[in-house]
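Novice: Please read through the structure below; I'll follow up with questions.
The values are calculated or read from the model by the stated rules, or taken from the named source; none is laboratory data. What you are looking at is a predicted structure, and each value in this text was computed from that prediction instead of being measured. Ideal geometry is used to build each Cβ from the backbone, glycine not excepted, and the neighbour counts take in all protein chains shown.
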Amino acid sequence: MKLRLILGDQLSQSISSLKDADMDTDVILMCELRTEATYVKHHKKKIAFLFSAMRHFAADLQDQGYTVRYTRYDDPDNSGSFLGEVKRALADTGATDVVATYPAEYRLTSEFDTWADTLDVPLELRADDRFLCSTSDFAAWAEGRKQLRMEYFYREMRRKFSVLMDGSDPVGGQWNYDAENRKPPKDGLKVPEPKGFEPDNITKDVLTLVEAEFSDHFGDLQPFPFAVTRIQAIEVLDDFITDRLPQFGDFQDAMIEGEPWMFHSHISFYLNCGLLDPLECIQKAEAAYHAGNAPLNAVEGFIRQILGWREYVRGIYWLKMPDYKSQNALNATRALPDFFWTADTQMNCLRQCVSETKTNAYAHHIQRLMVLGNFALIAGLHPDEVNEWYLLVYADAYEWVELPNVSGMILFADDGMLASKPYAASGAYINRMSNYCKSCRYKVSKKNGPDACPFNYLYWDFLERNGEKLRGNPRMGLIYKNLHRMSDEKRAAVRDDSQRFFRALDANEKV
Ligand code: FAD
Ligand code: DLZ
Ligand code: SF4
């Protein structure tokens, strides 16, 4: 009789730990834990989403005839940790073996690796097979390459899985249609309502629990529209494929005030906890293209995110951990400003993105990258603080995907391992891709002075401060040429404005 442990982000019936499960004898163990709910103070919605999805998954398994031992958060005997619950279950059930799938992140993997020494029964830890590229295949791909770039990895994945291929060539003749995915938002653009669900009794119980136990965590619990079952998650995916995918490509980078969901898919919550399978998402998008229901720039763009970026960042994570976490190539030291929690800032773009994050436990990619991330980069915020924030505020956040995006993609803390150059930008980018600047107290057209958009001078100050590190980067050559052409007077204005801004920020004044 085997005890089979399922973690909160392993909610898939085809997970390796369940592969040879015997319905008549085995016991499946799932547990809501203090350690997992508090290793960072996750957004209330994230905890509620996972607890509800776990309870629904357990109920599904039970309906199919499995024996599930489910520890609720408020069970008086809940030991609060995976090992404690495994030991308790072994003592109560007399199971002779423990089977688990390796956790998705380093923190727990290294803990699980010590269990064999403390358990009295054999432990079998199986590979995490929820991804399309195994960690060993990624390591083999990376071996011997001078530079790792997502684009080349992505092309191999397209070939390997025969996705959007025309023989050995990419469909349409190009691998990547990114250049067609940057349309600014146009006036009157109509964004479809996202698919949402009324909480059922299981979810209502969880919402009451989370309100009582995690009231001091960040974020709003209500409203709670998340899918919590595989069937609902598939509805979200199908809704995206018909309603949003056709325009996903054009407006992938666009931001509109009051439209947090735009034409994105909102499936990362479900992909990352196992309710959706990456290949089924890719294949549905590809089918929409072949049926003539979505254009190539949209379908390729969407597929690139899942088959390319998602697998790539996970590969980098396992290739480079644990050292990846402590990197700080730009020696950034500033503390995270309070407005990342309160949204109390006069910079409208940041106010909107933080407020939406607080309400939804979601922000789309360009908000995370070019508003919040861009500010974190050019203001020199410390990677540890920025990583902790991103890991706890988003309902799709797990370290394997959050850390490379934050330390690699936005902060350049990994010295260019993930991104070939820092994604620093002035207010002009935000103004082009959003309507945030229209209702901002600052003027995006002003470069200096108290009314100027802070992104404008902080951008040049960032380049100046990090010149030694970045000047030699071939992709930064033109930018540094422009910096050197700047008059001494203008450089002094940039420095003075930035110092004034940082003084106010560090003194916790409203900026
Ligand atoms: P869509 O735009 O519809 O994209 C489809 C899918 O592609 C996503 O669901 C996701 O699975 C995948 N994807 C897209 N971009 C990336 C990427 N850069 N890395 C990995 N997968 C990607 N994604 C997370 O899943 N968890 C995180 O914790 C996370 N943290 C991020 C932090 C920063 C600083 C940045 C810049 C990006 C982060 N991302 C993270 C990636 C991306 O922003 C989200 O996956 C996306 O916004 C989720 O929304 P969506 O499902 O509507 O995505
Ligand atoms: C994120 C999370 C939370 C909030 N709570 C639980 C939990 O109570 N029980 C559980 O099994 N998993 C939870 N998780 C997901 C785990 O943290 C996740 O499995 C690891 O971070 C590995 O990716
Ligand atoms: Fe953001 Fe600057 Fe635009 Fe204000 S003016 S919304 S601070 S980019």
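One line per residue, one yes/no per condition, for (1) in contact with a His (Cβ under 8 Å, 6 or more places away or on another chain); (2) within 16 Å of ligand 3 (Cβ to nearest atom); (3) in contact (Cβ under 8 Å) with a residue 60 or more places away in the chain:
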site: 244; (1), (2), (3): yes, no, no
site: 247; (1), (2), (3): no, no, no
site: 254; (1), (2), (3): no, yes, yes
site: 262; (1), (2), (3): yes, no, yes
site: 280; (1), (2), (3): no, no, no
site: 285; (1), (2), (3): no, no, no
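Novice: Out of the residues in the stretch 291-337 that are touching an Asp or Glu at 6+ places or on another chain (Cβ under 7 Å) and either polar (S, T, N, Q) or assigned to a loop (DSSP other than H, G, I, E, B) (or both), state the one that is farthest from ligand 1 (Cβ to nearest atom).
Specialist: So the residue we want is 335.
Novice: Next up: Which one of these is farther than 27 Å from residue 205 by Cα and either in contact (Cβ under 8 Å) with a residue 24 or more places away in the chain or within 16 Å of ligand 2 (Cβ to nearest atom) (or both): 52, 16?
Specialist: When all the criteria are applied, what remains is 16.
Novice: Output the strands (runs of 3 or more DSSP E) that fall wholly within the stretch 2-91 and possess 3 or more residues being in the same structural domain as residue 362 (by TED's automatic domain parsing), modelled with pLDDT under 95 and touching a helix residue (DSSP H, G or I) at 6+ places or on another chain (Cβ under 7 Å), or say none.
Specialist: none
Novice: With 150, 165 as the choices, which residue is in contact with a Gly (Cβ under 7 Å, 6 or more places away or on another chain) and farther than 27 Å from residue 20 by Cβ? Break it down stepwise before answering.
Specialist: Values: 165 fails: in contact with a Gly (Cβ under 7 Å, 6 or more places away or on another chain).
Selected residue: 150, the only one of 150, 165 that is in contact with a Gly (Cβ under 7 Å, 6 or more places away or on another chain) and farther than 27 Å from residue 20 by Cβ.
Novice: So residue 151 ticks every box in (1) assigned to a loop (DSSP other than H, G, I, E, B); (2) touching a residue at least 24 places away in the same chain (Cβ under 8 Å) but one. Which box is left unticked?
Specialist: Single failed check for residue 151: (1).
Novice: Mind checking which residues of the stretch 85-101 are in contact (Cβ under 8 Å) with a residue 60 or more places away in the chain and within 14 Å of residue 122 (Cα to Cα)?
Specialist: Answer for the stretch 85-101, where residues must be in contact (Cβ under 8 Å) with a residue 60 or more places away in the chain and within 14 Å of residue 122 (Cα to Cα): 86, 90, 94, 95, 96, 97, 98, 99, 100.
Novice: Sticking with this structure for a sec: Looking at 112, 82, which one is surrounded by 17 or more Cβ atoms within 10 Å (Cβ to Cβ), on the phi < 0 side of the Ramachandran plot and free of Cβ contacts under 8 Å to residues at least 40 places away in the same chain?
Specialist: Only one candidate qualifies: 112.
Novice: Taking residue 215 and the conditions (1) small (Gly, Ala, Ser); (2) farther than 23 Å from residue 184 by Cα; (3) part of a helix (DSSP H, G or I), which numbered condition does it fall short on, given that it satisfies the others?
Specialist: (3)
Novice: List every residue pair whose Cβ atoms sit under 7 Å apart, with the two residues 6 or more apart in sequence or on different chains, where the first one lies in the stretch 154-177 and is within 21 Å of residue 315 (Cα to Cα) and the second, anywhere, is of a type in the set (Val, Ile, Thr).
Specialist: 163/282; 163/303
Novice: Shifting gears a bit: Anything in the stretch 232-242 that is in contact with a Leu (Cβ under 9 Å, 6 or more places away or on another chain) and surrounded by fewer than 21 Cβ atoms within 10 Å (Cβ to Cβ)? List them, or say none.
Specialist: If we filter the stretch 232-242 for residues that are in contact with a Leu (Cβ under 9 Å, 6 or more places away or on another chain), which is where we start, we get 232-234, 236-237.
Across the stretch 232-242, the qualifying residues are 232, 234.
Novice: Please verify whether the stretch 434-454 includes one or more residues that are within 16 Å of ligand 1 (Cβ to nearest atom) and either within 25 Å of residue 333 (Cβ to Cβ) or crowded, with 18+ Cβ neighbours inside 10 Å (or both).
Specialist: yes
Novice: Determine, yes or no, whether residue 26 is surrounded by 19 or more Cβ atoms within 10 Å (Cβ to Cβ) and within 16 Å of residue 396 (Cβ to Cβ).
Specialist: no
Okay, residues lined up against (1) more than 16 Å from ligand 2 (Cβ to nearest atom); (2) in contact with a helix residue (DSSP H, G or I) (Cβ under 6 Å, 6 or more places away or on another chain); (3) of a type in the set (D, E, K, R):
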site: 427; (1), (2), (3): yes, yes, no
site: 430; (1), (2), (3): yes, yes, no
site: 439; (1), (2), (3): yes, yes, no
site: 442; (1), (2), (3): yes, no, no
site: 451; (1), (2), (3): yes, no, yes
site: 459; (1), (2), (3): yes, yes, no
site: 471; (1), (2), (3): yes, yes, yes
site: 480; (1), (2), (3): yes, no, no
site: 503; (1), (2), (3): yes, no, yes
